[in-house]
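Beneath this line is the structure, given in structure tokens, with notes to follow.
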Amino acid sequence: MRAMILAAGLGKRLKPLTNTIPKPMVLVGGKPLLQWHIEKLVRANVKEIVINISWLGDQIEKYFGSGSDFGANILWSREESPLETGGGIYNALELLGEEPFTVINADVWTQFPLETLTEYTLPPKILAHLLLVKNPAHNKSGDFALKNGIVGYERPRHTFSGISILSPKIFKITDISSNVFSLLSVLEPAILSGKVSGMLFSEDWYDVGTMTRLNVLNQSLIGTNNHG
């Protein structure tokens, strides 16, 4: 299985830090946030990794290069301006191949064992598999329901972790009229037709979207030995 890490965002909520540092390069536990994902994927035996970049992307590409220093083979999908989550993946489909692939938002951090996901096989007719978490304080109403392993819009809802498996076929059931669009706009028709599965996990998860959340995560890692 290949993986894609979404790293092209502007990081507006982390300003002024992200005026000079791209969001995926902010330090978590002493190393760039993006590095955590690459190392976790390699440990899960996923070494073919596509990363999309845009804002200050040269910093990211210079640091990670081909990925060989990290045991990975990184393919770069460069965007002149961010194409959002769905557009970024769609733009990189040729690099990802025809089989289902893992997708990770660069601005999350988790202790979830990725091998549980990367060894998962999408059932026939299922176009996506989402990892959901309990609702954090900043998203109390949640995003999606989960019933008998199928994602829907009932209540109660859980929060989408930003980690998933996607089949490239999911982009064929949606009328794509622009190259800039969210992943949700692709997921929604698949969810409404019962073609998205999911699972709820309880391991630590952080959305590193603001300075407050970044500081909370770094404080939680100080003095602990759990840096995986």
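At a glance:
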quantity: Single match in I89, I38 (criterion: over 23 Å from K169 (Cα atoms), at pLDDT 95 or above, buried (at least 22 other Cβ atoms within 10 Å of the Cβ) and not acidic (D, E)); calculated: I38
quantity: Segments classed as strands (runs of 3 or more DSSP E), wholly inside region 11-129, with at least 2 members that are over 15 Å from the mean Cα position of the chain (by Cα) and free of Cβ contacts under 8 Å to residues at least 40 places away in the same chain; calculated: 73-78
quantity: Yes/no for K23 being closer than 18 Å to R213 by Cβ, basic (K, R) and surrounded by 21 or more Cβ atoms within 10 Å (Cβ to Cβ); calculated: yes
quantity: Scan of region 12-27 for residues that are in contact with a strand residue (DSSP E or B) (Cβ under 8 Å, 6 or more places away or on another chain) and more than 16 Å from F64 (Cα to Cα), ordered by number; calculated: none
quantity: Members of region 130-159 that are assigned to a strand (DSSP E or B) and surrounded by 12 or more Cβ atoms within 10 Å (Cβ to Cβ); calculated: L130, L131, L132, V133, F144, A145, L146, I150, V151, G152, H158, T159
quantity: Every residue from region 160-179 that is outside any loop (DSSP other than H, G, I, E, B) and without any contact (Cβ under 8 Å) to a residue 40 or more places away in the chain; calculated: F160, K172
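The values are calculated or read from the model by the stated rules, or taken from the named source; none is laboratory data. This is a predicted model, so every value here is computed, not measured. Using ideal geometry, Cβ is built from the backbone for each residue, glycine included, and neighbour counts are taken over all protein chains shown.
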